[in-house]
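Structure first, then comments.
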Amino acid sequence: MIPFLHGVIGTAGAAAGAFESIATVTASGGETALTFSSVPQGYVSLQIRCFSRETWTVAASVQIRMRFNGDAGNTYSFHEVKGNGSSASVQGQASYSNMYCGVSTTANTTASTYGASIIDIHGYASTTRNKTISAFGGGDTGVSSTEYWCAKHTGAWYNTSPVTSITLLPINGFAAGSIFSLYGVKGA
Amino acid sequence: MTSDAASVTFSNIPQTYTNLLVKWVTRGTVSQNAYYIYTALNGTAGSTTYGYSSGSAAVGDRSTGYMYVVYTSAGYATTNTFGTGEFTIHNYTGSSAKPITSWSAPETNSATSQAAFWGAGLWNNAAAVTSVLVGASSGNLVAGSSVYLYGIKHA
Amino acid sequence: MAVTYEPVVTATLGSAATELTVSNIPQTYTDLVVDVFVPPVPVATNIAMYINDNSSGSTECGFVTLFSNGSGVGSQRSYQHPYFAMNYAATANTTYPTAYTLHFFQYARTDVRKSVIIMSSLDYAGSGASELREGMRNNNEAITKLRLNASGQNLPVGTRVSIFGIAKA
């Protein structure tokens, strides 16, 4: 039998909690990449909580992209189910240069509005398994428009190396005030 | 898991939390890119409503015989690729049915594979949950699969 | 690395009521995770979360939903509401409980709009839905109060709102 209760989330006090804050990166404006470096290897899974906006002016919402360990090769796949407020659509890519993983608002939207996304990376420290991710996010801004959507993403990095750095990429540039916070979930 | 097995079970779960959270990284042996992974509470089944990409369209489906959570990577998936996911069992010590929230990522290096799953489940039983099983609905979970159970305690 | 995801407050209805309110939410975290449990309701109805003292005439909230109704996947968007809806493809049920998880991002800031992700578990053993939703309140107010509402119907005894705080590094 596998030992149970590998950790406890949500108990006050440092002794028992399994969910830990690791690092936060904040865009000053225009960055074409934001990176978490030297990711600690002592967790079961990672979570990135994204509050993000782009400098792009073509549409109202756009996907966040992600790479691991600085690998810019065609070593990723991703899949998307997107809801645009009236219908759902899908897309998928294999042997791609990054993974889609969440949604940002853009410079086409009201100021001070940011998309919200949660990215989970279970088993990131494995040395025998490729790395799979899951995310959900959206970029609604609460006003009249047909351009707002949300999306469920999954993706994979086909490399058995442990994830030691995570790079988040915009399609154009991250707007000032975009915040990405990295958390780790401990096991036993 | 150090050897292939159809399922793993957490037993004698303490009744001192409010919700249970299960995180998993698994690969099945069935001869497909991806296939169902399910949970059973106290050894009994429930139901699921879920959505996903079939690779060419968004698909909605449901089961009244299994609590799927929902799909994991399986025997034909890219080598060394495991699916990941998690599910929350809400109010597991309560005296009403138990809702479940889940997502799963059964990736393989194909643009048209099934992926991006999310789901809602229900264990229609008034008993407190004392055991949680996670298993492959066909075949086994391979050695190297991992399942983790957490308790979440409210204020 | 600091442990976070701390339980902040839980409010539970001891008698049926049209609203369950949690006030005076501490402003010391980065995000809030709100776990909502609704027992079977007396009348099938929609569940919604109001922010602060948003009146019924407010038009500040919009949200876009991705849902499965068990036979297909669809999407819906609605805006100019005083609340965030927590269900669309299925109402809260008179036989089965429902559960919702809401993530409020940067909730204590006064210089940005408030974004939320909502996951809704609405399976009813052969009917119901599974929903993912993202929304925004077009107002920079910090969130100090949450009000769970059943669209004019009563929330049953045992309805529970539990708040966790997540701090960033």
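All of the numbers you see were taken from the coordinates with simple rules; none came from a lab. Predicted, not measured: the structure shown is a model, and the values here were computed from it. We place every Cβ from the backbone using ideal geometry, glycine too, and count neighbours over all the protein chains shown.
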(message) Loop-only chymotrypsin sites (Phe, Trp or Tyr not before Pro) in the range B:31-105, please: DSSP not H, G, I, E or B, and at most 10 other Cβ atoms within 10 Å.
(response) none
(request) Taking the dipole about the Cα centre of the protein assembly as shown, with the C-beta of Lys and Arg at +1 and of Asp and Glu at -1, give me whichever of A:Val163, A:Gly187, C:Phe105 is farthest to the positive side. (result) A:Gly187
(message) Quick check: the distance between the Cα centres of the range B:107-155 and the range C:45-76, to the nearest angstrom?
(response) 27 Å
(message) Along the Cα→Cβ direction, 7 angstrom out, place labels at C:Met1 and A:Thr24. What is the inter-label distance in nm?
(response) 1.8 nm
(request) Can you bin the range C:41-94 into rounded, prolate or oblate? Criterion: square roots of the alpha carbon gyration tensor eigenvalues sorted a ≥ b ≥ c, rounded for a/c under 1.5, prolate for a/b above b/c, oblate for the rest. (result) oblate
(request) Kindly provide the pair-distance distribution of chain A built from C-alpha pairs, with 5 Å bins from 0 and whole-percent values in order of increasing distance. (result) 1, 8, 16, 20, 19, 15, 10, 6, 3, 1, 0
(request) Report relative contact order for chain A in percent, whole number only (criteria: Cα-Cα under 8 Å, sequence separation at least 6). (result) 38 percent
(message) Kirkwood Rh and Cα-based Rg: tell me the resulting Rg over Rh for chain B, rounded to two decimals.
(response) 0.97
(request) Would you mind getting the Kirkwood hydrodynamic radius of the range C:45-169 from its Cα pairs, rounded to one decimal in Å? (result) 15.2 Å
(message) Taking a virtual spin label 7 Å from the Cα of A:Val143 along the C-beta vector, which residues in the range C:56-98 bring their backbone nitrogen under 15 Å of it?
(response) C:59-63, C:79-81
(message) Suppose a student asked you for the relative contact order of chain C, using Cα pairs under 8 Å spaced at least 6 residues apart; what percent would you report?
(response) 42 percent
(message) Can you return the lysines within cross-link range of A:Lys186? Criterion is Cα-Cα under 28 Å, with same-chain partners fewer than 8 residues away left out.
(response) A:Lys131, A:Lys152, B:Lys23, B:Lys98, B:Lys153, C:Lys168
(message) Using a Förster radius of 25 Å, what is the FRET efficiency between C:Val43 and C:Ser71 based on their Cβ-Cβ separation? Nearest 0.05, please.
(response) 0.50
(request) For A:Gln91 paired with B:Ala57, estimate the spin-label separation in nm (one decimal), with each label point 7 Å from Cα along the Cα-to-Cβ line. (result) 2.1 nm
(message) What distance in nm lies between label points placed 7 Å from Cα along the C-beta direction at C:Ser23 and C:Ala169?
(response) 3.9 nm
(message) Please state the shape class of the range B:86-132: rounded when a/c is under 1.5, otherwise prolate if a/b exceeds b/c and oblate if not, all from the C-alpha gyration tensor.
(response) prolate
(request) Quick one: work out Rg over Rh on the C-alpha atoms of the protein assembly as shown, Rh as Kirkwood radius. (result) 0.93
(message) Apply the a/c threshold of 1.5 to the C-alpha gyration tensor of the range C:122-163 and tell me whether it is rounded, prolate or oblate.
(response) oblate
(request) Fewest Cβ neighbours within 10 Å first, please rank C:Arg147, C:Arg77 accordingly. (result) C:Arg147, C:Arg77
